[in-house]
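First comes the structure, then the notes that go with it.
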Amino acid sequence: MSELIVSGDSWSFGSEIIDPSFKNKDIIDWDECNDEYRTSNIWPNILSNELKFDRLKNLSFPAISNDRITRSLVNYITKYYLYEDKPTDDIFVIVGLSSPERKEFFYKDNQGTWVTLWPAWEHNYSEHVGMSDFAKSYICYFNNVEEYLNRYVNQIYYLQNFFKANNIKYLIFQSFYQPTEFHNKINEWNDTPYITEWNTSFHGSGDTIDSKYYMGSSEPEIWKLIDSTRFMNKNEKNHSFHGYLLEQQIKDNNSYFVGLHPNEKGHKIWSDKLTNYIVKNNLYRKQ
């Protein structure tokens, strides 16, 4: 039984995709009554049908960080395949990475839960006692490119090695990059790969490291070890889901967004792009 496993954030979940028949009704995109319409119009389901997978597991959820994207994916594969000693030959994994600055912490109360911080958003964390004050301090002092780029590139490298070690075929892509100032003008978001940040943050002239915070970091070197086929359009300036849709939107003189997310047409276009890329590069062949 072939299985497609997807892990991502709102761009893979299908946020803001709502059945038109619910217009003017108090319906949220993740409401159960909207599931059938939403899931049938998002890229994971379209791609799964196109490549004829027997099953689809979509672990994606709105507004989550790469921490959770990575953790939930590895947990799922470990629990249902590796721990059960099931073969991984006929599964294919697609990871839609979120913006790197998002960060998760385990909040300890009576039960305990994972809480995501969104440094690029203005958000009230008052649902957890003390979180708002913590978030202000974190964003002020600890939300730095030096940390989240290091975490980002190491997560990609970790996933790459996890997949290779367990004979798992996969594809990784970047969904979008969040601007420093959160706003609704999605066409102004900057999708330049963060490798440009490393050039200015970690390197002076030539290969000389002149940063006082270097302390053994090796982001550019690790980045070079990332598979440039399995990380889709890794070295392209316009290499994200968001960037591709913006490009196609201008080219086609059409609208491929609803609010801050892809609309039904946008999901279909991205599914076609992924499908063609997977077939062209022979990334998955059903056993």
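Values computed for the structure shown
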item: Failed criterion for GLN287 (all others in (1) modelled with pLDDT of 95 or more; (2) in contact with a Ser or Thr (Cβ under 8 Å, 6 or more places away or on another chain) hold); result: (1)
item: Selection within region 1-36 - among the β-branched types (Val, Ile, Thr) and part of a loop (DSSP other than H, G, I, E, B); result: ILE17, ILE18, ILE27, ILE28
item: Residues satisfying the stated conditions in region 276-287, i.e. crowded, with 17+ Cβ neighbours inside 10 Å and in a helix (DSSP H, G or I); result: ILE278
item: Any chance ASN124 is of a type outside the set (A, V, I, L, M, F, W, C), closer than 27 Å to LYS286 by Cα and more than 16 Å from the chain's Cα centre (by Cα); result: no
item: In region 17-36, the residues that are surrounded by fewer than 19 Cβ atoms within 10 Å (Cβ to Cβ) and touching a Pro at 6+ places or on another chain (Cβ under 9 Å); result: TRP30
item: Among the candidates LYS164, LYS79, LYS86, residue that is assigned to a loop (DSSP other than H, G, I, E, B), among the basic types (Lys, Arg) and in the same structural domain as GLY14 (by TED's automatic domain parsing); result: LYS86
item: Residues of region 243-268 that turn out to be assigned to a helix (DSSP H, G or I) and in contact with a Pro (Cβ under 8 Å, 6 or more places away or on another chain), as a count; result: 1
item: Selected residue (criterion: nearest to the chain's Cα centre (by Cα)) from residues of region 130-144 that are farther than 11 Å from LYS103 by Cα and of a type in the set (S, T, N, Q); result: ASN144
item: Qualifying positions in region 215-233 - assigned to a loop (DSSP other than H, G, I, E, B) and at pLDDT 90 or above; result: ILE226, ASP227, SER228, THR229, ARG230, MET232, ASN233
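Condition check ((1) among the charged types (D, E, K, R); (2) touching a helix residue (DSSP H, G or I) at 6+ places or on another chain (Cβ under 6 Å)) across all residues:
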| residue | (1), (2) |
| --- | --- |
| PHE231 | no, no |
| LYS234 | yes, no |
| HIS242 | no, no |
| LEU245 | no, yes |
| SER255 | no, no |
| GLU264 | yes, no |
| LEU274 | no, yes |
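The values are calculated or read from the model by the stated rules, or taken from the named source; none is laboratory data. Bear in mind the structure is a predicted one, so any value in this text is a computation, not a measurement. Reconstructed Cβ throughout: ideal geometry from the backbone, glycine too, with neighbour counts over all protein chains shown.
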